[in-house]
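Inspection log for the structure reproduced underneath, given as structure tokens.
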Amino acid sequence: MKINKKNMLNGLVGLMTAGLLLSACKKDGPVDGTDVTAPSAAVAKSGPISVCYVEVNNNNILNVGAYTLKTGGQQLFDLAIIFAANINYDATTKKAVLFNNDKVTKVLSNKATYIKPLQDKGIKVLLSILGNHQGAGFCNFTSRASAKDFAQQLSNAVTTYNLDGIDFDDEYAEYGKNGTTQPNDSSFVMLVQELRKLMPTKLITFYYYGPAASRVQWNGQRVGDNVNYSWNANYGSFSVPNVPPMGKNLLSPAAVWINNTSASTAKSLAQSTKNQGYGVYLTYDLPGTNMATYLSSFSTVLYGDSVKLSSPLQSWP
């Protein structure tokens, strides 16, 4: 995810009911002021869906599940996004290919350790796909067949690793490199359509940024008809993604970079989210240190409850 940006249900009711389970991971040491166990959440969390990207090159995805609401006991986060796999370009076959670096591979290949524990807590786990400076991107497929081929790779990954969906982040593609074409209007629409056909019940989310953000409609067909959620990409700001026909309940105008957005700004963005009736709240870059106080800055607004660390934080790698 770009770190030099400015300021730097549809049938998903189950997302908001997060039954807590005791983490199966070993505790590395005492965690001051935390509960190792947490009560089961008997009542659904009321408020926007909370999304958290984790840079798995640096931090453990399991920490998304370590935070719960202090009084209600529900999980703070509803979606955990593995950041990030890549869309690469095979110059020999002239095809876009899915690529996982060693850290992403570790998470995916050990799904029982890093993915299922989150899902057992009611948290959906998605894989974000990001450009990789090779010319391949979501916006330069020149035929439906080529878009379908990459969609099949994504669907296969979801099936293989028992993921809950795919997130699109159109950054760092460097369109035109390696003889690739520039973005066109049909590519992203076709890709999302083909992926939805292959994954009718899984989540597809859209980080509203890059060439894809201005190519969400083509020939009367819309990306928004096949995407579950979309969110603002400029951290520390409140900006509504324009992805017709998606309504407020599916959008996050708020974008919070946990390590760079101030707690006061996070709180203000949460207040705007609540006041204006939006259904999603985006956070990025959860670290491996106790962030309960910071996370409470927005949870108290969104859910009327502060946050506590309910299970030990996990180191990485």
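The values are calculated or read from the model by the stated rules, or taken from the named source; none is laboratory data. On a predicted model such as this, the values are computed, not experimentally measured, just so you know. All Cβ positions, even for glycine, are placed from backbone atoms using ideal geometry, and neighbour counts span all protein chains on display. Accessible surface areas use protein heavy atoms only, side chains included; no ligands, DNA or RNA. Shrake-Rupley method; radii C 1.70, N 1.55, O 1.52, S 1.80 Å.
Quick notes
- Positions within region 57-108 being assigned to a strand (DSSP E or B) and among the acidic types (Asp, Glu), in sequence order: 90
- Filter pass, residue 249 being within 18 Å of the chain's Cα centre (by Cα), within 26 Å of residue 60 (Cβ to Cβ) and open to solvent by 10 Å² or more (accessible area, probe 1.4 Å): no
- Residue within region 98-121 that is out of contact with any Ser or Thr (no Cβ under 7 Å at 6 or more places or on another chain), of a type in the set (Phe, Trp, Tyr) and within 30 Å of residue 304 (Cα to Cα) present: yes
- Members of region 260-317 that are among the hydroxyl-bearing types (Ser, Thr, Tyr), closer than 18 Å to residue 229 by Cβ and touching a Phe, Trp or Tyr at 6+ places or on another chain (Cβ under 6 Å): 272, 273, 284
- Of the residues making up region 264-284, those that are buried (at least 16 other Cβ atoms within 10 Å of the Cβ) and out of contact with any Cys (no Cβ under 9 Å at 6 or more places or on another chain) are 265, 266, 267, 268, 269, 270, 273, 274, 278, 279, 280, 281.
- Here is the figure for region 71-93: residues that are open to solvent by 40 Å² or more (accessible area, probe 1.4 Å) and touching a helix residue (DSSP H, G or I) at 6+ places or on another chain (Cβ under 9 Å) total 2.
- If you go through region 109-119 and pick out every residue that is part of a helix (DSSP H, G or I) and over 15 Å from the mean Cα position of the chain (by Cα), you end up with 7.
- Index of the failed condition, residue 304 passing every other in (1) assigned to a loop (DSSP other than H, G, I, E, B); (2) among the small types (Gly, Ala, Ser); (3) within 24 Å of residue 167 (Cβ to Cβ): (3)
- If only residues of region 126-157 that are under 14 Å from the mean Cα position of the chain (by Cα) and not hydroxyl-bearing (Ser, Thr, Tyr) are counted, the one that is surrounded by the fewest Cβ atoms within 10 Å (Cβ to Cβ) is 130.
- If you filter region 205-245 down to residues that are assigned to a helix (DSSP H, G or I) and either among the β-branched types (Val, Ile, Thr) or open to solvent by 50 Å² or more (accessible area, probe 1.4 Å) (or both), you find that the one that is farthest from residue 130 (Cα to Cα) is 225.
- Test: residue 96 is in contact with a Leu (Cβ under 6 Å, 6 or more places away or on another chain), closer than 30 Å to residue 139 by Cβ and either surrounded by 12 or more Cβ atoms within 10 Å (Cβ to Cβ) or modelled with pLDDT of 95 or more (or both): no
- There is no residue in region 147-160 that is part of a loop (DSSP other than H, G, I, E, B) and of a type in the set (S, T, N, Q).
- Any hit, region 256-278, residues being farther than 29 Å from residue 217 by Cβ, among the β-branched types (Val, Ile, Thr) and part of a helix (DSSP H, G or I): yes
- Among the residues examined, residue 178 qualifies as in contact with a strand residue (DSSP E or B) (Cβ under 8 Å, 6 or more places away or on another chain), open to solvent by 20 Å² or more (accessible area, probe 1.4 Å), of a type in the set (S, T, N, Q) and not in a strand (DSSP E or B).
- Selection of region 252-263 for residues being open to solvent by less than 30 Å² (accessible area, probe 1.4 Å) and either touching a Lys or Arg at 6+ places or on another chain (Cβ under 6 Å) or of a type in the set (A, V, I, L, M) (or both) yields 254, 255, 256, 258.
- Subset of region 188-204 (residues that are under 16 Å from residue 170 (Cβ atoms) and outside any helix (DSSP H, G or I)): 204
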